[in-house]
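Participant: One structure is given below, represented as structure tokens, and several questions about it will come after.
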Amino acid sequence: MPDNAAKREQPNTDSCRFSSRCPMYQTFRNDFGLRMFQTTYCNSANHAKCARFALASKGTMPPSDLLPNGRTLVAASKRES
Ligand code: SF4
């Protein structure tokens, strides 16, 4: 269907502008966890609510273990185990 094909080729303007170089992606060993954050934050308009985005937008490099929801990767792992 031409309309859908044309829509797919357009860039997603809701996506985070840092997604091509976000260091958080390298910290995940669990693909499911990373995909959850990408869907919830990185690839949606919700990226503006991301704790990493807030710091990066101010010119500050976020800590590598800071998650979009404001928790740290280590703290989140301990809580889940
Ligand atoms: S984690 Fe945050 S800063 Fe990094 S790409 Fe996703 S929305 Fe952007």
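Participant: Could you list all residues from region 1-24 that are modelled with pLDDT under 90 and among the hydroxyl-bearing types (Ser, Thr, Tyr)?
Facilitator: Thr13
Participant: So, of the residues in region 51-67 that are under 13 Å from the mean Cα position of the chain (by Cα) and among the charged types (D, E, K, R), which turns out to be modelled with the highest pLDDT?
Facilitator: Looking at the filtered set, the residue picked out is Arg52.
Participant: Residues Phe37, Phe32: which one is under 23 Å from Thr13 (Cα atoms) and hydrophobic (A, V, I, L, M, F, W, C)?
Facilitator: Phe37
Participant: Here's another thing I want to ask about it. Would you be able to tell me the number of residues in region 26-70 that are more than 9 Å from the ligand (Cβ to nearest atom) and not in a helix (DSSP H, G or I)?
Facilitator: 12
The values are calculated or read from the model by the stated rules, or taken from the named source; none is laboratory data. Computed from a prediction, not measured in an experiment: that's the story for all the values here. Positions of Cβ are generated from backbone atoms using ideal geometry, with glycine treated the same way; all protein chains shown enter the neighbour counts.
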